[in-house]
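Participant: Would you mind keeping the following structure in view while I ask a few things?
The values are calculated or read from the model by the stated rules, or taken from the named source; none is laboratory data. Note that the coordinates shown come from a computational prediction; the quantities given were computed from them, not determined experimentally. Glycine also receives a Cβ, built like all others from the backbone with ideal geometry; neighbour counts cover every protein chain displayed. Surface accessibility is based on the protein's heavy atoms, side chains included, excluding ligands, DNA and RNA. Shrake-Rupley method; radii C 1.70, N 1.55, O 1.52, S 1.80 Å.
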Amino acid sequence: MKKWEDVKKVPAPAIAPAFGPLSGMRVLTTGGHLAMPYAATMMADFGAEVFYIERPGGGDPYRLFSPFLTGENGQKVGASWIQDARNRLSITLETNLKVAEAREVFFTLIKNSDVWMENVVWTDKLGIKDEDLLKVNPALVIIHISGYGKAKFGGIPELCDRGSFDVIGQAASGWLTLNGDPDGPPSRGNPGLNDYVSSMFAVFGALSGYIHAQKTGQGQVIDVAQFEAQSKFIADYVVLWANEGIMRKRSGNKQFNVQPYNIFKAKDKEVVVGVVGPAVYARFIKAMDLDPNVYSFEACSSSPEAVESEVGRELDSILRKWISEHTAQEVEEHMSKFKVPAQVVVDAEDIVNSKHWLDRQDIIEYEDQTTKRKVKAVGIVPKMDKTPGQVWRGAPALGQDTEAILTKVCGYSAEEIAALREKGIIL
């Protein structure tokens, strides 16, 4: 049996092409569905070589998260998977480290990685311990993503041990109670808002830890709790209550302390008008050809009281009536002439036909590796003029890169790979 200690470290990238600011960085992932894998994809879009471990029994359930796209080969895969799993390298591997051969492969991968990211939660049951991994690779950056955080960093152990999904993080953070109509129930941010928010904090943590490791050679453990990530998006909610005893209430689409800042119904569809601050408000009043002395910023838009005042409500009524008599595009174009932010609420059809999106290469095409279909998807964000990201391959088929990774990075022979496959350790 090959031992991880005997395998030489192979620099990245060994399989993925070299591009972007993160070229030379290797990320190993364990888990699935959705926050952790998407964080890895964000880094893969900018050149990190991502090895995505999927267990041999079927891989990440996100592959078959409906609705689906089906290829001419009869294979189907979730539409979300096509968007969110590109640029990864898929290796099948049994992650129960109580199996000796699996432990050696996993440790070899850890030895060759800069970052290990997981959202399994119950890693101890698999025999995966942070202290063991840091002995294998002292410079390793470990990212844990879970609903309530790891007990090592504080909190109630029983709560930290719970599973979680996107909506749980929204509820536990306080964010959910802020959103929805005033007289209705809380409204969930869709689709997967908390998962995507948590991904961004995971990327920030991974890159911060990686920079520290590059400077010092010292790895560390980083804990991303979904509820904490979402709590960073609730503005003054906690501050108001903790310091003034004021409980923010749901206000629907209407901003409670400035106006106009809302979604309005035009003749044909919805349009957004957003006005913040005296300067933009003055331009808005000019666009509406209203008397600035009657409908002043102080009287109508300087505070919650001004917004709900008699003249504030009158202004809202005038605007709603005017918008209802125009198309959404007319509203957007008219407001834009006065440099007042406005935008038609677009749908997917608008997006894929938008000259602005297309000119910025925000709609790109690549081949999905499961269905073998050419698919269109959202492109690279953000744009970089010196080291741009790219999509070099579509979302991988299950285990597509197992042999390449084991051969080029882990140093396994064809015979050793066959033995692992025979024991069910790989697919």
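Participant: Pick out the one residue from ALA16, ALA12, ALA39 that is in contact with a strand residue (DSSP E or B) (Cβ under 7 Å, 6 or more places away or on another chain) and assigned to a helix (DSSP H, G or I). Spell out how you get there, then give the answer.
Facilitator: On the way: ALA16 fails: assigned to a helix (DSSP H, G or I); ALA12 fails: assigned to a helix (DSSP H, G or I).
The match here is ALA39.
Participant: Which of the residues belonging to segment 244-266 are outside any loop (DSSP other than H, G, I, E, B) and either of a type in the set (Lys, Arg) or within 20 Å of THR327 (Cα to Cα) (or both)? Write out each step before concluding.
Facilitator: Within segment 244-266, the subset outside any loop (DSSP other than H, G, I, E, B) is 244, 261-265.
Within segment 244-266, TYR261, ASN262, ILE263, PHE264, LYS265 qualify.
Participant: I would also like to ask the following. Only one residue in GLY24, GLY57 is part of a loop (DSSP other than H, G, I, E, B) and at negative phi, so which one is that? Spell out how you get there, then give the answer.
Facilitator: Working: GLY24 fails: at negative phi.
The conditions single out GLY57.
Participant: Of the conditions (1) open to solvent by 40 Å² or more (accessible area, probe 1.4 Å); (2) of a type in the set (Lys, Arg); (3) touching a Gly at 6+ places or on another chain (Cβ under 6 Å), ARG55 clears all except one; give me its number.
Facilitator: Going through the list (1) open to solvent by 40 Å² or more (accessible area, probe 1.4 Å); (2) of a type in the set (Lys, Arg); (3) touching a Gly at 6+ places or on another chain (Cβ under 6 Å), ARG55 breaks only (3).
Participant: Regarding segment 40-47, can at least one residue be identified that is open to solvent by 40 Å² or more (accessible area, probe 1.4 Å) and at pLDDT below 95? I'd like the intermediate steps shown before the answer.
Facilitator: Here is the first cut: in segment 40-47, the residues open to solvent by 40 Å² or more (accessible area, probe 1.4 Å) are 42.
If we keep only those that are at pLDDT below 95 as well, we get none.
Looking for residues that are open to solvent by 40 Å² or more (accessible area, probe 1.4 Å) and at pLDDT below 95, one finds none in segment 40-47, hence no.
Participant: Sticking with this one: Which numbered condition in (1) assigned to a loop (DSSP other than H, G, I, E, B); (2) on the phi < 0 side of the Ramachandran plot is the only one that ALA235 fails?
Facilitator: Every condition holds for ALA235 apart from (2).
Participant: Of all the residues that make up segment 401-422, how many are surrounded by fewer than 19 Cβ atoms within 10 Å (Cβ to Cβ) and either closer than 30 Å to GLY74 by Cβ or touching a Leu at 6+ places or on another chain (Cβ under 7 Å) (or both)? Reasoning before the result, please.
Facilitator: At the first step, the residues of segment 401-422 found to be surrounded by fewer than 19 Cβ atoms within 10 Å (Cβ to Cβ) are 403-404, 407-408, 411, 413-419, 421-422.
Filter once more, so that each one left must be either closer than 30 Å to GLY74 by Cβ or touching a Leu at 6+ places or on another chain (Cβ under 7 Å) (or both): 403-404, 407, 414, 417-418, 421-422.
Qualifying residue count for the region: 8.
Here's the yes/no breakdown for (1) open to solvent by 30 Å² or more (accessible area, probe 1.4 Å); (2) assigned to a strand (DSSP E or B):
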position	(1), (2)
LYS339	yes, no
GLN343	yes, yes
GLU349	yes, no
LEU358	yes, no
GLN361	yes, no
GLN369	no, no
LYS372	yes, no
LYS376	yes, yes
ILE380	no, no
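Participant: Ok, one more. Residues of segment 92-127 being surrounded by 21 or more Cβ atoms within 10 Å (Cβ to Cβ) and assigned to a loop (DSSP other than H, G, I, E, B), which ones?
Facilitator: The answer is LEU93, GLU94, THR95, ASN112, SER113, ASP114, ASN119.
Participant: If I go through segment 128-175 residue by residue, how many of them are open to solvent by less than 30 Å² (accessible area, probe 1.4 Å) and among the β-branched types (Val, Ile, Thr)?
Facilitator: 6
Participant: Please identify the pairs in which a residue from segment 23-42 that is over 19 Å from VAL378 (Cα atoms) and small (Gly, Ala, Ser) has its Cβ atom under 7 Å from the Cβ atom of a residue that is open to solvent by 10 Å² or more (accessible area, probe 1.4 Å) and at pLDDT below 95, counting only partners at least 6 apart or on another chain.
Facilitator: If the second residue must be open to solvent by 10 Å² or more (accessible area, probe 1.4 Å) and at pLDDT below 95, the pairs left are GLY31/ASN119; GLY31/VAL120; GLY32/PRO61; GLY32/TYR62.
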